[in-house]
1. Scan (i) 1.18; (ii) 0.96; (iii) 1.06 for the value of Rg/Rh (Cα atoms, Kirkwood Rh) calculated from this model and give just the label.
2. So for the chain, taking the charge dipole from beta-carbon charges (+1 Lys/Arg, -1 Asp/Glu), which of LEU168, LEU54, PHE104 sits furthest toward the positive end?
3. In debye, nearest 20, what is the charge dipole magnitude of the chain about its Cα centre with +1 on Lys and Arg Cβ and -1 on Asp and Glu Cβ, if you could check?
4. Out of LEU73, LEU86, LEU193, any idea which swings most in a Gaussian network model of the chain, alpha carbons joined below 10 Å?
5. About the Cα centre of the stretch 114-156, what is the dipole size in debye to 20, counting +1 per Lys and Arg Cβ and -1 per Asp and Glu Cβ, all else neutral?
6. Helix-derived [θ] at 222 nm for the chain: sum -39500 (n - 2.57) over DSSP H runs of at least 4, divide by residue count, nearest 500?
7. Sorting check: for 98-111, 143-156, which peptide has the highest mean count of neighbouring beta carbons within 10 Å, and how do the rest follow?
8. Can you work out ³J(HN,Hα) from phi for every residue in the stretch 86-97, in order, using Karplus 6.51 cos²θ - 1.76 cosθ + 1.60 and θ = phi - 60°, giving whole Hz and x for Gly and Pro?
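Computed from the coordinates by the stated procedures, all read-outs in this text should not be read as laboratory data. Everything numeric in this text was worked out from a predicted model, so none of it was measured. Every residue, glycine among them, receives a Cβ derived from its backbone with ideal geometry; neighbour counts consider all protein chains shown.
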Amino acid sequence: MRRDDKGVMGDDSAGLYPADIVTYLWSRFSRYTVFLLCLLPLARLFALGLGHGLGVNPIEFVTRSLGTWTLSLLLITLAITPLRRLTGDGRWLRYRRMLGLFAFSYGVLHLTAYLWLDQFFDWMAIFKDLYKRPFITAGMAALLMLAPLALTSNDRSVRVLKRNWLRLHRLVYPAAICGVLHYYWLVKQDVTLPVIYAAVLAVLLGVRLWWRRQKQATKKAG
């Protein structure tokens, strides 16, 4: 495999370029790699369950783990645009839709664990929780805002909704804020991790606000 004057990979075996091989393999199989990585937290829960490693309160362990990964994947999704702008590499965008769908999927599993394993579909108890426990209300609100984003995360919706698609998908910002509040209010003592998540979200939203103001200033100057 060789590189010609235009930087195109050839089949000549006279010279091998490991960096080119790695780049080619990553471009070819990166989506599958990201997909499998997103499944690892779920596989870990299954493995721990089979090995009786979920601790003294397995329901709480499963529910909180799913919730943590929901928020983590949501923040990773929000980090894609800054990464693309900072690196100038548009290939980051190819993972955004998948990561967002995984965030929503883990959120649905998180909610299902609460409704089924924790409350056994006792709707009266669930409605009482919504009224008395603000962190549950915030979590529900976050998932409700993510639902239409997941449903419209396809090319057909982009074509049909046009500019409204972008407006709709800005719901990811309040959804992420509600997700962080959900986590912060849930934790009763050590709030270190929720504060870290809040700081990461503040940075991700802050750079977007700064870019927007820069864009507005450029327009006014022009």
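1. Label of the calculated value: (iii).
2. Farthest along the dipole direction, towards plus: LEU168.
3. On the way: 29 positive and 12 negative charges, 273 e Å.
Once rounded to the nearest 20, the dipole reads 1320 debye.
4. With Cα springs under 10 Å in the chain, the top fluctuation among LEU73, LEU86, LEU193 is at LEU86.
5. On the way: 4 positive and 4 negative charges, 28 e Å.
The calculation lands at about 140 debye.
6. Values: 9 runs with 167 residues, N = 222.
For the chain, the value works out to -25500 deg cm²/dmol.
7. Values: 98-111: 20.9, 143-156: 15.2.
So the peptides 98-111, 143-156, ranked by packing, come out 98-111, 143-156.
8. 6, 8, x, 10, x, 5, 4, 5, 5, 9, 5, 5
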